[in-house]
Amino acid sequence: MRKFITLTKVYYAYMLEYRAEIVLWMLAGILPFILMGIWIKLANLGFTKMGEVDFARYFLSVFITHEIVVVWVIWEFESAVLNGTLSPYLLQPLDPAWRFIIQHISERLSRLPFMLGLIVAFFMLYPSAFWVPKLVDVLIYIPVVILVFLLRFLIQYTLSFLAFWTEKVSQLENINFAIYMFLSGYFAPLDVFPKFAKDLAYLTPFPYMIYLPVNILTGKGVDTKGIFILLGWTVFFWIVNRLVWKAGLKRYSAMGA
């Protein structure tokens, strides 16, 4: 815990040095609000059963959830392998994964004021969409969204281990992210998907990353089965992560590190 707190302070101070960059990343994350405008227009034209307020609350929740669970470890790890900075990490009595996780937590803390500002601005522009989530929903949402972050981190962190065998593994994240955007409920609620597409999405871990926590936050109900499936995917990728990590370290040592 002492190491965790110390590293959090260090990386939080580091993130504050790049406040302008944090603002730019926040502005890059406003895509859900643009999508909201498109779907509200379609709702007003009668193309969907969901109403304007439903879409407004949905995409605000998408924005909040995505800002919490966004992961970029693959670029950090790729750089650490190619530049050799991973070597001193391996000499320390701390798994490098903790360093990367704490970097993400510190970045979330630095984003928080800007995120709250955008939420306030949203409700000023759409006062009809204002709502206060039930306490029980919030208490369920928090551990679920933390679990989603861990799953997203494990998936991307596992992909980053391919840097032990090849360069530019970050390009794989572009494919993974594109699939995530379409199947998670980021671009549109899964309710508007055709049945075959919705069934296909549920064969992957992606719907449990956005659609599941968003429905909890907006009061649409708690999918208990979905939470257990989310937990199952997390355990699965943790096992895969540890196996690939061990194989990758052998490869890294063979390269002379």
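The values are calculated or read from the model by the stated rules, or taken from the named source; none is laboratory data. The structure displayed is predicted, hence computed values, not measured ones. Note that each Cβ is placed from the backbone with ideal geometry, even for glycine, and that neighbours are counted across all protein chains shown. Heavy atoms of the whole protein, side chains included, go into the accessibility calculation; ligands, DNA and RNA do not. Shrake-Rupley method; radii C 1.70, N 1.55, O 1.52, S 1.80 Å.
For the stretch 116-139, filtering for residues that are surrounded by fewer than 17 Cβ atoms within 10 Å (Cβ to Cβ) and part of a helix (DSSP H, G or I) leaves 14.
Modelled with pLDDT of 90 or more, surrounded by fewer than 20 Cβ atoms within 10 Å (Cβ to Cβ) and either under 16 Å from V144 (Cα atoms) or out of contact with any helix residue (DSSP H, G or I) (no Cβ under 6 Å at 6 or more places or on another chain) (or both): which single residue out of A254, A247, A197 fits that description?
Details: A254 fails: modelled with pLDDT of 90 or more; A197 fails: modelled with pLDDT of 90 or more.
Step by step, each of A254, A247, A197 is checked, and only A247 is modelled with pLDDT of 90 or more, surrounded by fewer than 20 Cβ atoms within 10 Å (Cβ to Cβ) and either under 16 Å from V144 (Cα atoms) or out of contact with any helix residue (DSSP H, G or I) (no Cβ under 6 Å at 6 or more places or on another chain) (or both).
In a residue-by-residue description of the stretch 161-181, the property of being farther than 30 Å from F130 by Cα, open to solvent by 60 Å² or more (accessible area, probe 1.4 Å), among the polar types (S, T, N, Q) and not in a helix (DSSP H, G or I) applies to at least one position. For the stretch 157-171, the criterion of being without any contact (Cβ under 8 Å) to a residue 60 or more places away in the chain and under 26 Å from R57 (Cβ atoms) is met by no residue.
When the residues of the stretch 93-107 are filtered to those that are assigned to a helix (DSSP H, G or I) and open to solvent by 40 Å² or more (accessible area, probe 1.4 Å), which remaining residue is farthest from V132 (Cα to Cα)?
The initial filter retains those residues of the stretch 93-107 that are assigned to a helix (DSSP H, G or I), namely 96-107.
Still in the list and also open to solvent by 40 Å² or more (accessible area, probe 1.4 Å): 98, 105.
Working: W98: 34, I105: 25 Å.
Looking at residues that are assigned to a helix (DSSP H, G or I) and open to solvent by 40 Å² or more (accessible area, probe 1.4 Å), I get W98.
Return the residues of the stretch 119-145 that are within 22 Å of S184 (Cα to Cα) and touching a residue at least 60 places away in the same chain (Cβ under 8 Å); say none if nothing qualifies. Once the filter is applied, which keeps residues that are within 22 Å of S184 (Cα to Cα) and touching a residue at least 60 places away in the same chain (Cβ under 8 Å), the stretch 119-145 yields P133, D137, V138, I140, Y141, V144, V145.
Going by the structure shown, is Y186 over 20 Å from L139 (Cα atoms) and in contact with a His (Cβ under 9 Å, 6 or more places away or on another chain)? Even if it seems obvious, please write down each step before you answer.
Numbers: over 20 Å from L139 (Cα atoms): yes; in contact with a His (Cβ under 9 Å, 6 or more places away or on another chain): yes.
Against the criterion (over 20 Å from L139 (Cα atoms) and in contact with a His (Cβ under 9 Å, 6 or more places away or on another chain)), Y186 qualifies.
Taken over the stretch 34-67, residues that are farther than 18 Å from P213 by Cβ and either open to solvent by less than 20 Å² (accessible area, probe 1.4 Å) or part of a helix (DSSP H, G or I) (or both) amount to 11.
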